Structures are given as structure tokens and as C-alpha cells.
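Below is one structure, written out as C-alpha cells, with a few remarks after it.
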Amino acid sequence: MSVVDPENTLSAEAPAIDLEERLRARRRRLDKLGTWLMPVVMIVLTIFAWDQIVRINEIPHYILPGPGRVLDSLISDWRILLNALAITLAITLMALAIAVIGGGGLAILFTQSRLMQMSLYPYAVILQVTPIVAIAPLIFIYVESKIAGLLICAWLVAFFPVLSNTTLGLNSADHNLRDLFNIYGATRWQRLRYLQIPSALPYFLGGLRIAGGLALIGAVVAEYVAGTGGIGSGLAFTILEAGYRLNIPRMFSALFLIAITGVLIYAALGFLSHVLLHKWHESAIKREL
């Protein structure tokens, strides 16, 4: 009868465990590297392909400018573009802030009063499904201030994701915990503060990330509809003006700034979501590969 030596068994398993751990560490390093490297590689390849298409086909710059001309426009027109970006960004952030306050507050009101939800929620849905380009001309007719009109348009687009996601989150609190709160005689405010709001936080942050991009879209669309220069002329008006003058490189520069602004807003809200959720919520906790 053979006797198994525990020390030999452990020594045989140790190399396998070490190899598996090295493979995991390698996958983690590749994953971290790929997260940043792959987007950069794709962007570089896209710019290279764009430049080659323009060069090979000899496309005039007033039809499709090359990346070099767009970069020159960004440098030479930076004052105009920076002022326009500041206005568009200010409208976007103010509309997003109002959407957060209004949407979150109304969602809390809906969960506290079934009658209010049944009465007001259909109006929120109607505003969401109605195209902003159809409402914006009426807004600028009835609202004298152009800035206020831009704010209203951007707010209408960003408002519903915050409202719907937060309402869903507040209503998704665990029913067993709700019963426990009722057993211990918790007040409505205590149940809202200690149970429903923490449960709704991931939903609210998801809606916030959607609303950030939509607020920028709403601001740009509203600027297109407003279509006037002077005070309050953002990137959308810069694109319109450049189009009238056939200054296509400036158009591309403004479009580039809009895209970068949207990416930065989404990244900032994603970072906020990570900071608030990474210690306790499953959607943000990192797992071993």
C-alpha cells in the first residue's frame, strides 16, 4: 500500500498555483494597458485614414479638410472657439444641474404620493417623446431671454432620464427591508433617507450619465434653432456661421470641441459614479479576472 507524502503533493501544486497567479497578473496588466492603448490606437488610425483619403482623392478643403487644416483652425481661431465653448458648456452644466434638482425632487415626490405620480408623470413622458426641435421655436417665441430659452430646451432633454431612473431606483428598494422598517415603526422620512435613497443611488447616477450627454445635445439643438449671434452664441452658432462662409475647417473644429466636451462630461460623471459606488455596489466593484 503506497503512502502519499503531503509535502510532495504541496510541492507539486505550488508551481501550478504560481503559474495561475502569474497568468492572472498578466491578464490584469494587459487589461489596464488595453483600456487606454486601444482607443488611442484606433483614434490614430482613424486620423491617418482620414488624412490619406483627403490626400489621395485630392478633396478640396472647402469640402473635406484634412486633419492638419482642422488643427490649424483650432490654433488660429482659438479665441472664437473658446468663447463659444464656454457659453455652450455653461448652458449644458446649468441645465444638467436644474435637471438633477427637478428630476430628483420630483422622483421623491412621486414615491411619496401615488396621486402626484399618476397626475404628473404623463406630462413628463409627453415632454420626453416630443422632439425638442418642434418645441424650441415656441419656447423662443414666448421667452424673451435667449439664455433662458436655451436653458429650458437643454433642461427638457436632460430632465426625463434623471426622473425615470431615480423613480425606478426609489421603487426598487428591497421589500423585505421595507417590511422590517415598518415593523420597527420607521417614519416615511426615515424609510426614504436610510433605505430608498441609498437603493436609488446607482439608478440615479446611471440616469445622470445619460442626462449629461443629452443636456449638451439639447443646448446645441437650441442654439441651432435660436440661430442668432451676439451674446449667447455657442458652438452651434459657430458651426452655422462657418458653414455660411464655407469655413469648413472651423466647422470641424467646433464639432471636435462638442465631441470632446461630451466625452469629458461622460467621463467626469462616470468617475463620480465610481467614487460613490466602488466600495459597496456590485456594478462598480472590481473582480479578479
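Please give the number of the condition W78 fails out of (1) under 24 Å from S233 (Cα atoms); (2) in contact with a Lys or Arg (Cβ under 7 Å, 6 or more places away or on another chain).
So W78 meets the others, but not (2).
Residues being aliphatic (A, V, I, L, M), within 29 Å of G66 (Cβ to Cβ) and either open to solvent by less than 90 Å² (accessible area, probe 1.4 Å) or not in a helix (DSSP H, G or I) (or both): count how many of those fall in segment 19-43.
Total satisfying the criteria: 3.
Quick one: which residue in F160, F252 is more than 24 Å from L109 (Cα to Cα), open to solvent by 30 Å² or more (accessible area, probe 1.4 Å) and assigned to a helix (DSSP H, G or I)?
On inspection, the qualifying residue turns out to be F252.
Give just the number: which of (1) closer than 23 Å to I91 by Cβ; (2) open to solvent by 70 Å² or more (accessible area, probe 1.4 Å); (3) assigned to a helix (DSSP H, G or I) does L208 not satisfy?
That leaves (2) as the condition not met.
What do you reckon, is I132 in contact (Cβ under 8 Å) with a residue 24 or more places away in the chain, under 20 Å from A90 (Cα atoms), surrounded by fewer than 17 Cβ atoms within 10 Å (Cβ to Cβ) and within 24 Å of the chain's Cα centre (by Cα)?
When the stated conditions are applied, I132 does not pass them.
Restricting attention to segment 110-121, report how many residues are open to solvent by less than 70 Å² (accessible area, probe 1.4 Å) and over 21 Å from A215 (Cα atoms).
8
Report every pair of residues separated by at least 6 positions or lying on different chains whose Cβ atoms are under 7 Å apart, first residue within segment 109-121 and within 14 Å of F160 (Cα to Cα) and in contact (Cβ under 8 Å) with a residue 12 or more places away in the chain, second aliphatic (A, V, I, L, M) and open to solvent by 60 Å² or more (accessible area, probe 1.4 Å).
Matching pairs, first to second residue: F110/M116.
Which residues, taken from segment 135-157, are open to solvent by 50 Å² or more (accessible area, probe 1.4 Å) and of a type in the set (A, V, I, L, M)?
Across segment 135-157, the qualifying residues are L138, I141, I147, I152.
Condition first: touching a residue at least 12 places away in the same chain (Cβ under 8 Å) and either closer than 18 Å to H281 by Cβ or open to solvent by 70 Å² or more (accessible area, probe 1.4 Å) (or both). Can you find one or more residues in segment 180-188 that meet it?
Yes, some residue in segment 180-188 is touching a residue at least 12 places away in the same chain (Cβ under 8 Å) and either closer than 18 Å to H281 by Cβ or open to solvent by 70 Å² or more (accessible area, probe 1.4 Å) (or both).
Checking the conditions here, which among G206, G262, G243, G212 is in contact with a helix residue (DSSP H, G or I) (Cβ under 8 Å, 6 or more places away or on another chain), in contact (Cβ under 8 Å) with a residue 40 or more places away in the chain and farther than 30 Å from T111 by Cβ?
The match here is G262.
Go through segment 58-82 and report how many residues are open to solvent by 100 Å² or more (accessible area, probe 1.4 Å) and part of a helix (DSSP H, G or I).
The total comes to 4.
Would you check if there is a residue in segment 167-176 being among the polar types (S, T, N, Q), under 17 Å from L276 (Cβ atoms) and buried (at least 17 other Cβ atoms within 10 Å of the Cβ)?
The answer is no, given that none of the residues of segment 167-176 is among the polar types (S, T, N, Q), under 17 Å from L276 (Cβ atoms) and buried (at least 17 other Cβ atoms within 10 Å of the Cβ).
The values are calculated or read from the model by the stated rules, or taken from the named source; none is laboratory data. In this text, all values refer to a predicted model and were calculated from it rather than measured experimentally. Here the Cβ is made from the backbone with ideal geometry for all residues, glycine too, and neighbour counts use every protein chain on show. What goes into the accessible areas is simple: the full protein's heavy atoms, side chains included, and nothing from ligands, DNA or RNA. Shrake-Rupley method; radii C 1.70, N 1.55, O 1.52, S 1.80 Å.
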